[in-house]
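No value in this document is a laboratory result; all are computed from the given coordinates. Every value quoted in this text rests on a predicted model; they were computed, and no experiment measured them. Backbone-built Cβ (ideal geometry, glycine too); neighbour counts: all protein chains shown.
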Amino acid sequence: MKSYLRALSFLTIIPLPHVQFGPGGRELTNAAACFPLAGITLGLFLAGAAWLLGFVFPPEPVAVTALILSFFLTRGLHFDGLADTADGLIGTTGREKAFKAMEDSAIGVMGAAAIIFVYLLKYSLLVGLETSLFMPAALAFMPLAGRWAIVYAGTWFAPARSRGLGDLFLKELRWPQLLKASAGALVVVGLFSWWQPGLALPILGGCLLALAGVHALALYAAFRLGGLTGDIMGASSELGELFFLVGYYLVLQTAAPAGLTAKAVIGFARVF
């Protein structure tokens, strides 16, 4: 429970005044095992808001509102990492120049473009989903996939340097945290799939693509920088969410859409 509360405190703005982090980053690393659970907690807020708004508004304002809520409920924690990673890995050529660009507090052209493109893609994919069920389900699991991707990438790759909280987090991250995080994520996916079997494949497909996409990002970052940084962890979350939506949308469109829709709607109706 302590690890879950620490993960929730670090990843969201939910007030937990009694949760403390000691020096060295060990508590945060242990909390990584519960990152997917903190992600689904955030996702349930987004899904609930989207489901309620879907009774009144068309998909466009519902999707925008959900993304705004996601930004404010996380303090834009990974927003900055996405921008800095784009500035460092795309906007420069040398290793030291990349580090310098990522440490600069000002957002460069590549960083601003990355934020715009990623959020336009998230918005367009969400708008393409039905607000009654498919969009809320996507919003519920999008943060889970993004936080799972952080633990996944951080376990596979070493830190590029030894400075800052992100580097301490990466240095201490080990396979037990990834295995626990993966087990927690799969249990949540399994429970939801038992309730809504028609959405099992889209959710699993989205999660797999999120992990694969972030692995590719981490490979490139390790090639360029010799390892990962805290900024790249932030970018892993944002891009993991995007890759999840891409996989979720593609599976929905290809896995017998009519039958899938009928099963999902019937299962949803049985509960409500």
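Bridging of Lys171 to lysines at a Cα separation below 29 Å is possible for Lys2, Lys97, Lys100, Lys180, once same-chain residues fewer than 8 apart are set aside.
The slack in the chain from Trp195 to Ala183, taken as 0.36 nm per residue of separation less the alpha-carbon distance, amounts to 2.5 nm. Peptide packing for 34-47, 59-72 was compared via the average number of neighbouring C-beta atoms within 10 Å per residue; ordered from the highest value, the list is 34-47, 59-72.
Electrostatic tally near Leu170: other residues with Cβ closer than 14 Å to its Cβ, Lys and Arg +1, Asp and Glu -1, net +2.
Couplings 3J(HN,Hα) for the stretch 78-86, derived from phi with the Karplus relation 6.51 cos²θ - 1.76 cosθ + 1.60 (θ = phi - 60°), are 9, 4, 5, x, 4, 5, 5, 5, 5 Hz, where x marks Gly and Pro. Sequence-distant contacts, meaning Cα pairs under 8 Å at least 6 residues apart, place the relative contact order of the stretch 2-271 at 25 percent. Amide hydrogen proximity for Leu228: with H placed 1.01 Å from N in the peptide plane, the residues at 5 or more positions away or on another chain lying under 5 Å are Ala158, Ala160.
Net length available on complete extension from Tyr4 to Tyr220 is 74.7 nm, with 0.36 nm assigned per residue and the Cα-Cα distance removed. All C-alpha to C-alpha distances of the stretch 68-156, sorted into 10 Å bins beginning at zero, yield P(r) values of 15, 38, 34, 11, 2 percent in whole numbers. The C-alpha atoms of the chain define a longest principal axis, and helix 109-127 lies at about 20 degrees to it. When the helices of the chain are scored as -39500 (n - 2.57) per DSSP H run of n ≥ 4 and the total is divided over every residue, the value at 222 nm lands at -25500 deg cm²/dmol.
Treating each Cα of the chain as an identical point scatterer and summing with the Debye formula, the log10 of I(q)/I(0) at q = 0.11, 0.16, 0.17 Å⁻¹ comes to -0.59, -1.21, -1.34. Would you mind counting up the charge near Gly81? Only other residues with Cβ under 9 Å from its Cβ, with Lys and Arg at +1 and Asp and Glu at -1. Local net charge: -4.
Placing +1 on the Cβ of every Lys and Arg and -1 on the Cβ of every Asp and Glu, with no other charges, gives the stretch 2-271 a dipole of roughly 620 debye about its Cα centre.
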